[in-house]
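Computed from the coordinates by the stated procedures, all read-outs in this text should not be read as laboratory data. All values derive from a computational prediction rather than experimental measurement. Glycine gets a Cβ as well: all are built from the backbone with ideal geometry, and neighbour counts include every protein chain shown.
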Amino acid sequence: MSNNLGTGSGGSGSGSYDDKDSVSPLPDFNASRIQLSTVAPAFGIPSSQLRNPALSQQRQPDYLDYDQKGRGIVSTMFTNSGISYMLGVTIGGLYGLKEGLAKTPSSRFKVKLNSVLNHCGRYGSTLGNMMGSTAILYSLYEGLADTYEIDKYTGPIQPPAPLLAGALTGATYYMRAGPRVATLAGAIGMGCVGGTFAVYSLLGIPYGSKGWLFF
């Protein structure tokens, strides 16, 4: 028996085995011919900086305005006034519902419904407008206090912006009633803010965590 395997005369069955993959050249990874101006935006490089490299030395880092609550004065004002108005309308409407049912002049359904609607509209709109307007005043005063950084001048009294905003809001809202009433309203506003802060401190709740007014 012959031990010569694979020595036939066929072309594809010849004994000479040629491994072409072992001698094939590696791909060229040279990136010197790539124009960065065409792919610069993908890497955060503006095309103007590539045309003028001196701009890279003149560019300064961009900083965002830091706000502790993450919102500006206008955004905070709209949020506070909207929530306050909806709460005022809801609370006033529920009180008007009770008053309308209690003071209806007749037991007929149409008369009772008319009485309920009148009382709900009266008390709901009154309380909603009052809470919405006071929320706008509070937001503006607190935003101005934060803008001028009055916390640098109040020492251990921190945070001073909500306290000042509460006092000025009460005084401004009742300004037409005279200086004594305005002063009393300002003291009540400051007391509400200070009392809320004290309760939050006792309960371990971060001050301003609710994102609405001084809550």
Selection from the range 123-150 of residues that are of a type in the set (Ser, Thr, Tyr) and under 24 Å from the mean Cα position of the chain (by Cα): Ser133, Thr134, Tyr138, Ser139, Tyr141, Thr147, Tyr148
Boolean, Ile91 is under 28 Å from the mean Cα position of the chain (by Cα), without any contact (Cβ under 8 Å) to a residue 40 or more places away in the chain and not in a helix (DSSP H, G or I): no
Subset tally (residues that are buried (at least 19 other Cβ atoms within 10 Å of the Cβ) and not hydroxyl-bearing (Ser, Thr, Tyr)) for the range 94-120: 5
Qualifying residue in the range 127-148 (condition: among the charged types (D, E, K, R) and surrounded by fewer than 20 Cβ atoms within 10 Å (Cβ to Cβ)): no
Boolean, Thr169 is in a helix (DSSP H, G or I) and surrounded by fewer than 19 Cβ atoms within 10 Å (Cβ to Cβ): no
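Per-residue answers, yes or no, for (1) closer than 16 Å to Asp146 by Cβ; (2) free of Cβ contacts under 8 Å to residues at least 40 places away in the same chain:
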{"residue": "Leu163", "(1), (2)": "yes, yes"}
{"residue": "Ala171", "(1), (2)": "no, yes"}
{"residue": "Ala177", "(1), (2)": "no, yes"}
{"residue": "Val181", "(1), (2)": "no, yes"}
{"residue": "Ala187", "(1), (2)": "no, yes"}
{"residue": "Leu202", "(1), (2)": "no, yes"}
{"residue": "Gly211", "(1), (2)": "yes, no"}
{"residue": "Phe214", "(1), (2)": "yes, no"}
